[in-house]
Amino acid sequence: MTARETNMRREIDATDIQAIARTAFGSHKSARYVLLRVVQPSAARQWLRGLTPTSLAKMSLKELPPEISQIAFTAEGLRALGIKDTILQQFSPEFVDGIANNDNRSRRLGDTGANAPTNWRWGVGEKEAHILLMLFSTVEQIKALTDRMLDQALAAGLSKVDILSDSDMDNTEPFGFRDGISQPTFDWDRPRIPGTKADQDYTNLLALGELLLGYRNEYGLLTDRPLLAASEKNVDILPKDLTDHGDLGLNGSYLVYRQLAQDVAGFWRWVAGEAARSGITKEQQAESMVGRKLDGSPLPDLPVGRSIPGVDERYSGRNDFLFDTDPDGLSCPVGAHIRRANPRTGDVPGGRKGPLDSLLTILGLTTRRDRRPTSSTLPWRRNTTVWPFIRSEDDAVASARFHRILRRGREYGSKPDPDLGHDPAIPAPETGIHFLCLNANIARQFEFVQGAWIASAKFAALAGEQDPLLGNREPFPTNPIADPQPTDGFTRPGAPPHCRHASGLPQFVRVRGGAYFFLPGLAALRWIASD
Amino acid sequence: MIPQDSFIIVAKIDPVQLDKLRSLLKTMTFADRTGMADPDNPLVRFRDFDEIHFARFVVLADNTLNDRAHYPQLPSREPFYLCFMVDCDGSADELLARMAQRPDGLRTIFGHCEEFGQTTDLLGWLRAHRVKPAASYVNWVGRSVGQVREEARLHDLLRAALSGIEKSEPQKILVRLRQSIMLPEPLKPAPPTPLSWRIRNVAHLLLPFVVALVCLALFPIITIVLLGVGSVLFVIALRWHEQTDPFVDQPYDANRVAELRGGEDHDVTNQYTAMGSIKPGRFRLWTEVAILYGINWVARHIFTRGSLARIGTIHFAHWVFLDQGRRAFFCSNYDGGHEAYMDDFINKAGFGLNLSFSSGIGYPTTDWLLARGAWLEQEFKRFQRRHQIPTDVWYKAYPGLTAHDLARNSRIRNGFEKAAMSDDEIRRWLAEI
């Protein structure tokens, strides 16, 4: 199947899109993630036909219905429901593989050591989910809704893998930071033409095709998705694509789910120790690792009020900033969590340029003399990159627009009080995040962010440090390739009087389970459920 | 400085010996690290050759000959080759001679090739099977393996020492750092650049200009007319080819990609080998020859300090023709994961991919040689994965280090050796550590 370029604007059918693509259901304070396995395909399909996931069309109502369900499937789940291999293979290869079934993928995503899938609570073998049923309601009503939905599922012969609950921490993640501030804005009305000169600057407005299948992505193309020949059974249920194939992917998305347990006590214990060693408060230390202050505002000295497409006034002072004024990480460390998760870079280093510079940039050259105080202006020429070449370190991370995800996570467990003394002998109750995100291309979006930006110890020309929150701290490479190289550092270049390198960061976040799901459009769901 | 060189041996494999050869090559690698060479393997003890940066053995087994069904004028079968490629410091020919002084392993390996017998003169045979790459790229011309290793050691020592030094005035920190570092051996100064290399390099640099000037001086009118008419004809031919080249589907083969992935991400650097057929006819071949000459020239004379255009993650790369230009293969050593490498390439230098690979059968359609092509993202990614072949044995002399690490370590060394630095310079230098 080839990606077909199209400039056609397909009308958006809001009744076909599951609402989670556009809302996190914030008014519904409680959620349950029900993981199920199919035992009898025909009974399961009949059960599916009785479900009514909330569509985007409901968002035009004054308020969302009090009980909301959304549904997604793993590749194994689709197979168990009777979908043919020839159709299944047209889904994204990463989805077909699954998140936990390939050693190379585990190495790239940092799922090694304590994070290895063999240690997961769910997601592997008999505990691999087929279906994810997401339920949202009020704290009072969620249990009744879950019980009712589960009874129906069990009656249809499905088996339960697990039911995971969230807990409302008021938009604050368990370490204590305000969460969910930075999200891409999607081009629902679709005036955006990606790849123009404007994208030399960072954009937070993305083509809808980065979220939903069947629409133009940031390359102006349609992401590969299953297209069914007219001879396939029940194909009339599906909307048609431009070539008259049944469009199974249209209005669908890939949902990545990772359950991340957070060691809150361990985090603050290490942070306090490091803060004492370097003479700052523990809040300052933690904020430098996250890249935001506890209340979610950007670190001081980063100018806010920058004009960024897709960042509206609601986020003024919180999301209208860039890192281009801080190339060396003096205000916000280069390795800080938010800078890895989204480096806020445009297509060319330094942002939009004149015609001559634009041309030269393609060749890695620039007319701009680099005056900022970095090693490139150090007085030795030997063994350094000199003008007119762009320092490759400054261009290590570019074009963030191809690597964004829409997060839909919720916290779980009970939020511990970091100030309370904690006896290490008594295990703290588990807390963390149900990390859920949506994207149209798992390899280029989620896996890229997780692998090349979060888990990599070489992100942006750094050395020996992974994400200060999410890193697994596993040495890499290991014997016999090389003597184990540490990945447990964290560099704070802005620390006076000189840059501070911490080492020996413990693992703060552990993966407890995960899966790649396909979140179908509602016509696609009807097709999946059809006999 | 010590300039870098490479040798590429390409020899036809005796078809009945193919499976045996693959099993043999496997014995040179670590058991659970697909394709990663054991530096101490008894066949070729890479560790003993301090001048080798990267080396690989790869069975050039073309996965895409079926695509020639669209071009009946091309033969439907081609031989399997064994490729032995080494990037090194100093003269590659001298290295080859030294390696041939330990003949047993190489004899065992190349004994699986045609025209290699028990009495064959190994070195002469290897030299006879050496092929010249059409284009080569070196990340940093003049940075030797020895320098890489001693600078990495220096960085490790400085980083460890710095964590034990209390905050104070920059000058005091510098003094204490320099005092506390005990290098096992002093940093070696760069040896003088060989004069012969300098002369050849300048000649290579000037050659296109000299040819142009001579043509213009001797036959000004003919040259200008030929250039003008030639350009017009070229563009017409190019557009005709771009619009009429058959579309060759590039399906995704999950099993094959799984096999390729098995050999990836064991280190911070990965290997890449890909091969395919060039579209038949003089137009595509000559265009490719000219483009690779250009790439080779800019790589040799302009992009010699850490990046090829905007790509800063490639250590070494080679483009090589095979079978009188019917096929070609490409090898590179790059930092980071495969997907990230491809994204980087498409987004920063998609035009370069189009230039250097669009003459290949099945390459996504380009516009005006530069546009589209690689920017047809998923089609291009399937194309390149489909043409990629597993690298049977891959050796890197400095595992754990990326090109950015190497450049940073060199900068740190410069500061370490500098007689005096201002407070500000020291602060910047410390930040690098």
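By the equivalent-ellipsoid construction on the alpha carbon gyration tensor, segment A:292-340 comes out with semi-axes of 18, 12, 9 Å, ordered largest to smallest.
Ligands, DNA and RNA aside, residue B:65 has an accessible area near 30 Å² when probed at 1.4 Å.
Taking a cut-off of 16 Å, what percent of all Cα-Cα pairs in segment B:215-327 are separated by more than that? Looking at segment B:215-327, the distances longer than 16 Å represent 76 percent of pairs.
Peptides A:76-82, B:325-331 ranked from most to least packed give B:325-331, A:76-82, packing being the mean of other C-beta atoms within 10 angstrom over each peptide's residues. For residue B:202, the accessible surface of its heavy atoms amounts to roughly 80 Å² (probe 1.4 Å, protein chains only, rounded to the nearest 10).
When you look at the Cβ of every residue in B:377-384, what mean number of other chain Cβ atoms sits within 10 Å?
For this peptide, the per-residue mean of nearby foreign Cβ atoms is 5.
Does segment B:110-175 come out rounded, prolate or oblate, given a ≥ b ≥ c as the square roots of the eigenvalues of its C-alpha gyration tensor, rounded meaning a/c under 1.5 and, failing that, prolate meaning a/b above b/c? It is prolate, given that a/c is not under 1.5 and a/b is the larger ratio. When you restrict to C-alpha pairs under 8 Å that are six or more residues apart and normalise by the size of segment B:96-238, the relative contact order lands at 12 percent.
Each of A:518, A:402, A:503 was placed along the dipole of segment A:400-531 (beta-carbon charges, centred on the mean Cα), and the one lying farthest toward the positive end is A:402.
For chain B, relative contact order (Cα pairs under 8 Å, six or more residues apart, normalised by length) works out to 26 percent. Remark: relative contact order (chain A) = 23 percent; criterion is Cα-Cα distance under 8 angstrom and separation of 6 or more residues.
In this Cβ point-charge picture (+1 for Lys and Arg, -1 for Asp and Glu), segment B:306-374 has a dipole of about 200 debye about its Cα centre. Loop-located trypsin sites (Lys or Arg not before Pro) across segment A:90-155 with a Cβ neighbour count of 16 or fewer within 10 Å are A:121, with loop assigned by DSSP. Axis angle, to the nearest 10 degrees, between helix B:195-218 and the longest C-alpha principal axis of chain B: 40 degrees. Residue farthest toward the positive end of the dipole of the protein assembly as shown, with Cβ of Lys/Arg at +1 and Asp/Glu at -1: which of B:1, B:315, B:412? Checking the options against the dipole of the protein assembly as shown, the answer is B:1. Residues whose amide H comes within less than 5 Å of that of residue B:53, counting only those at least five positions distant or on another chain, are B:87, B:88, B:89 (H built at 1.01 Å from N in the peptide plane). Charged side chains reduced to their Cβ positions (Lys and Arg at +1, Asp and Glu at -1) give chain A a dipole of some 660 debye around its Cα centre.
Excluding ligands, DNA and RNA and using a 1.4 Å probe, chains A and B jointly bury around 5800 Å² of accessible surface, summed across both partners.
For segment B:116-274, the square roots of the Cα gyration tensor eigenvalues, ordered a ≥ b ≥ c, give a/c of at least 1.5 with a/b greater than b/c, which places it in the prolate category.
Once you sort the root eigenvalues of the Cα gyration tensor of segment A:176-221 as a ≥ b ≥ c, which label holds: rounded (a/c under 1.5), prolate (a/b larger than b/c) or oblate (the other case)? It is oblate, given that a/c is not under 1.5 and a/b is not larger than b/c. Counting only other chain Cβ atoms within 10 Å of each residue's Cβ, the peptide A:209-220 averages 1.
Of B:279, B:167, B:26, which has the most accessible area and how do the rest follow, probe 1.4 Å?
Accessible-area ranking of B:279, B:167, B:26, largest first: B:26, B:167, B:279.
When you filter the trypsin sites (Lys or Arg not before Pro) in segment B:73-107 for DSSP loop state and at most 13 other Cβ atoms inside 10 Å of their Cβ, you are left with B:77. Using the Cβ-Cβ distance between residue B:226 and residue B:419 with R0 set to 60 Å, the FRET efficiency works out to roughly 0.60. For the residues of B:403-409, the average number of beta carbons from a partner chain within 10 Å of their own beta carbon is 5. Candidates B:332, A:26, B:92 compared by Cα position along the dipole of the protein assembly as shown: farthest toward the positive end lies B:92, with charges placed on Cβ.
With all protein chains in place and ligands, DNA and RNA left out, the 1.4 Å accessible area ranks A:235, A:304 as A:304, A:235, largest first. Dipole size of the protein assembly as shown about its Cα centre, with +1 on Lys/Arg Cβ and -1 on Asp/Glu Cβ: approximately 1400 debye, rounded to the nearest 20. Centroid-to-centroid, using Cα positions, segment A:473-531 and segment B:217-236 are 57 Å apart. The listed residues A:62, B:172, A:282 rank as A:62, B:172, A:282 when sorted by accessible area, largest first, using a 1.4 Å probe.
With the cut-off at 26 Å, tell me which of the pairs B:279/B:381; B:12/B:279; A:84/A:127; A:58/A:197; A:29/A:62 have Cα atoms farther apart than that. Check vs 26 Å cut-off fails for A:58/A:197. Here's how it looks for residue B:372: its modeled amide H is under 5 Å from those of B:367, which are all 5 or more places away or on a different chain. Shown for the protein assembly as shown is the translational diffusion coefficient from the Stokes-Einstein equation, using the Kirkwood radius over Cα pairs, a temperature of 4 °C and a viscosity of 1.567 mPa s: 43 µm²/s. A probe of 1.4 angstrom, applied to the heavy atoms of all protein chains, finds residue B:138 with accessible area near 30 square angstrom. The helix-only estimate of mean residue ellipticity at 222 nm for chain B, built from DSSP H runs of length n ≥ 4 each weighted as -39500 (n - 2.57), is -14500 deg cm²/dmol after division by the residue total.
With Kirkwood's inverse mean 1/r over C-alpha pairs for Rh, give me the Rg to Rh ratio of segment B:158-251, two decimals please. Answer for segment B:158-251: 1.42. Most tightly packed first, judged by the mean number of other beta-carbon atoms within 10 Å of their residues, the peptides B:251-260, A:28-37, B:191-200 read A:28-37, B:251-260, B:191-200.
Close amide H pairs (under 5 Å, H built 1.01 Å from N) link residue A:351 with A:346, residues at least 5 positions away or on another chain.
Compared with the dominant Cα axis of chain B, that is its longest principal axis, helix B:220-244 is turned about 80°.
Ligands, DNA and RNA are left out, and with a 1.4 angstrom probe the accessible area of the protein assembly as shown is 40 Å² per residue. Kirkwood radius and radius of gyration were both taken over the C-alpha atoms of chain A, and their ratio Rg/Rh is 0.97. Against chain B, whose longest principal axis is taken from its Cα atoms, helix B:403-417 shows a tilt of about 30°. Per residue, chain A reaches -4500 deg cm²/dmol at 222 nm when only DSSP H runs of four or more residues are counted, each adding -39500 (n - 2.57).
Share of the protein assembly as shown's accessible area from carbon and sulfur, percent, 1.4 Å? Result for the protein assembly as shown: 56 percent of the exposed heavy-atom area is carbon or sulfur. The packing ranking, built from the mean of other Cβ atoms within 10 Å per residue, places the peptides A:159-167, B:355-363 in the order B:355-363, A:159-167, highest first.
The values are calculated or read from the model by the stated rules, or taken from the named source; none is laboratory data. None of these values were measured; they are calculated from a predicted model. With ideal geometry, Cβ positions are generated from the backbone for all residues, glycine too; neighbour counts draw on all protein chains shown. Side chains are part of the model used for accessible areas, which takes the heavy atoms of the whole protein and leaves out ligands, DNA and RNA. Shrake-Rupley method; radii C 1.70, N 1.55, O 1.52, S 1.80 Å.
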